[in-house]
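Report on the following structure.
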Amino acid sequence: MNGAAVSFFIYTALLGALGLWSYKLVERIPISKYEEEFYAAGRGLGGFIVALIIAAGLSSAGTFIAGPGMTYKHGFSWMYFNNFNIFINLLLLASVGIGVGIVARRVGATTYLDLFKARYESRAVVVLLAALVTFFLIPYMAAQFVGAARVTVQMTGLSYFPSLALGASVVLIYCVLGGMRGNAIAAVVQGVIITLGCLLLFIGTVRVAGGFEKATQILAKQDINLLSPTSGGAFSPLFALSLASMMGFFIVGMPHALLGSLVYKNTKALKRGIWIGGILLLIWNVCLCLSGALGRAINPGLAIADEIGPWLAMHVLPPFLGGIILAGVVAGIQTTVAAMAIIITSSIAKNLVAEFRADFSPEKAKLVSRLTMTGCISLSIILALFQPALIQWIILFSVGGLESATFGSLLLGMFWKRGNKWGAMASICSGMLVYTLSNTAIPTLRIGDAHPTLISVLISTAVFVLVSLATQGPSVTVLRTFWGRPQMDKQQVSASVPGGQIGAGVAGRFAPRDINTETWLKIRE
């Protein structure tokens, strides 16, 4: 067994042990609080973990495998596109993070669909979104498992199937047993390994390539288009705009992106999650994408471009360090799978069941949650047996579908009082219809050569506004929940609470304890 395999198996054993530990922590929680613990980690996570849950959860194999693969195939152009997601923590937490955190505490929301249920009071919206989340995220998870298995093949010498089984078993242990708590504990270890691995890979690649100047000269001789920001015209500015929107502006519509907004402890943790996440994403994206592009100067003959990251890790550094790098790549992928597994499980085992069987006991809910998560992960493993050449296109398809369905109803739903369930239903259906047709029967629906997500999100958002204006507004309960003020006025609050802070005794469950009174009174205006 080589040094890389040794370091990887040490990492795997560590995650397994953390999974068992998190299981013991979750089992100590009273059954009445199990759902909040399993799906939201008791809503008590700090800034570093929140940053990792969002950054690593959204980066996935699209950053750690497909990112270097696409820059290897298309040159520096794809590096520009991939770097749009550096700002996802800011776009998520700064735009809806505070609002989601406040509302989640008001209504006791522990899942993604709890927010939609509270906002739109519609069974149809919950059922439809549960189906769409499952449909798009399971193949997304499968793509992650494919990337992780390819890394393990390169590192350990195992064949594809045992490598797939090894990576999946780790996720099953810490995710099924520990839920969000297990994911959070694993994320700490994974975040350190991911960051260390990215830095080591970049340094090793630059050293073996002979520096930037020499590597760039080699790439220019191979194909001058590898140095072009548009890959010699293959990617137009409009296509770049659509990718920037998908990986940046529209990311609010991704279900597992909101996990960080549901679980942060206080606004201090939220702010830390923004800047820590930005630094981590900058390191991961720049180091990996540059490594993929420069790697072509070292080995231009790879048949599968997605294998450039694992290949570099095994050839530009000593084996043990290479194992750390590849463990980091697998760690990032596993974090994404865990986040998506929690979203799918909560959609089915909590929200969907609650719509049709409100008398479900906590004990049964606990069992159903774990069985559902096991089933979803198992199904994605089965799909991963059919190996695609470039997993980036599967990832973009899933991301686009989810954003088309949910962006308008989620973002506008948090800030626009007039939005209602009819607008949400129409937005979801129109977004999916346009997205489906532009990907299949009517590709001319696209705006030029932009990705179909751009036109789908624009249309679905416009439909949300128009239908909401044409129908009756939301109920008084919704308005009070999302925009209502505490029962005490500003003077009473200031007089009752030292420093003007809203605590457990003021406004009840309506706000996190550390939100300033002035902010609380104005933020939902």
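Each reported figure results from applying straightforward, stated rules to the coordinates on display, with no laboratory input. As the structure is a prediction and not an experimental result, all values here were calculated from the model. Cβ atoms come from the backbone with ideal geometry, glycine included; neighbour counts cover every protein chain shown.
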| query | Too long at a 18 Å Cα-Cα cut-off: which of Lys350/Lys421; Lys117/Lys421; Lys265/Lys417; Lys73/Lys221? | reply | Lys350/Lys421; Lys265/Lys417
| task | With a point put 7 Å past each Cα toward its Cβ, work out how far Val192 is from Ile10 in nm, to one decimal. | result | 1.2
| request: Please order Asp114, Asp223 by the number of other Cβ within 10 Å, starting at the fewest. | output: Asp223, Asp114
| said: From the P(r) of segment 3-484, could you give the percentage of C-alpha pairs in the tail past 44 Å? | reply: 10
| task | Please find the FRET efficiency linking Trp416 to Trp275, where r is the Cβ-Cβ separation and R0 is fixed at 30 Å, and quote it to the nearest 0.05. | result | 0.60
| message | Less than 13 Å Cβ to Cβ from Phe76, Lys/Arg counted +1 and Asp/Glu -1: what total charge do the surrounding residues give? | response | +1
| said: Starting from the 7 Å offset along Cα-to-Cβ, what nm value, one decimal, do you get for the label separation of Ser169 and Lys221? | reply: 4.7
| task | Please work out the FRET efficiency for the pair Lys24 and Glu355, using the Cβ-Cβ distance as r and a Förster radius of 35 Å; give the result to the nearest 0.05. | result | 0.60
| remark: Here the FRET efficiency for Lys364 versus Thr477, based on Cβ atoms and R0 = 35 Å and rounded to 0.05, is 0.80
